[in-house]
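This report concerns only the one structure given below.
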Amino acid sequence: MTAPPTRQSILRSLALAEPAELDAVLQRVAPEAPHTVVRGPETGLVMVRGRIGGGGAPFNAGEATVSRCVVRLASGEVGFGHVMGRDGTRARQVALLDALAQTPAHATAVAEAAVTLERDRLAREAGRAREVAATRVDFFTMVRGED
């Protein structure tokens, strides 16, 4: 038996999902969830940091655009949504699903949906990786026999 997904893994799966997938989950789980938007949706920048060689000294690699939103359900649960890019609607969808995941009535359904979304995302990425691998060119140097 596998352990239930953590809030962090659920949020990750939701943040990486496509907008149409999030809309389908919302329609299935709670199409009319009464909520208020506490903050946002708003778009801003975050600093992306890296490490040389993966373990060296940290450095600022640049900035990335992020949209965020905070919602509160009528029952009091607060949900947060942060997504890469300028899609405020998707940030609100993630925040609403995060809030629903904290309610006893919807927690299991949102967790199951997040697992399905993650599985679908990994399948899409594997498909893209296969397509890219099919176009890979291996370069090599031939040694001339004159030396």
> Using beta carbons and a limit of 6 Å, which pairs, at least six apart or on different chains, have the first residue in the range 15-38 and open to solvent by 80 Å² or more (accessible area, probe 1.4 Å) and the second one modelled with pLDDT of 90 or more and assigned to a loop (DSSP other than H, G, I, E, B)?
Replying inline: Pro34/Ala74
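So that you can scan it fast, the table gives a plain yes or no per residue for (1) surrounded by 16 or more Cβ atoms within 10 Å (Cβ to Cβ); (2) among the charged types (D, E, K, R); (3) not in a helix (DSSP H, G or I):
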site: Gly62; (1), (2), (3): no, no, yes
site: Arg68; (1), (2), (3): yes, yes, yes
site: Gly79; (1), (2), (3): yes, no, yes
site: Arg86; (1), (2), (3): no, yes, yes
site: Arg90; (1), (2), (3): yes, yes, no
site: Ala111; (1), (2), (3): yes, no, no
site: Arg119; (1), (2), (3): no, yes, no
site: Arg124; (1), (2), (3): no, yes, no
site: Glu131; (1), (2), (3): no, yes, no
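Say we look at the range 39-56 and pick out the residues that are open to solvent by 70 Å² or more (accessible area, probe 1.4 Å) and outside any helix (DSSP H, G or I); which of these is farthest from Ala113 (Cα to Cα)? Spell out how you get there, then give the answer.
Step one: list which residues in the range 39-56 are open to solvent by 70 Å² or more (accessible area, probe 1.4 Å), which gives 39, 45, 47, 49, 51-53.
Keeping just the survivors that are outside any helix (DSSP H, G or I) gives 39, 45, 47, 49, 51.
Numbers: Arg39: 25, Leu45: 29, Met47: 30, Arg49: 31, Arg51: 34 Å.
Looking at residues that are open to solvent by 70 Å² or more (accessible area, probe 1.4 Å) and outside any helix (DSSP H, G or I), I get Arg51.
The values are calculated or read from the model by the stated rules, or taken from the named source; none is laboratory data. Everything numeric here is computed off the predicted structure, so don't read it as measured data. With ideal geometry, Cβ positions are generated from the backbone for all residues, glycine too; neighbour counts draw on all protein chains shown. What goes into the accessible areas is simple: the full protein's heavy atoms, side chains included, and nothing from ligands, DNA or RNA. Shrake-Rupley method; radii C 1.70, N 1.55, O 1.52, S 1.80 Å.
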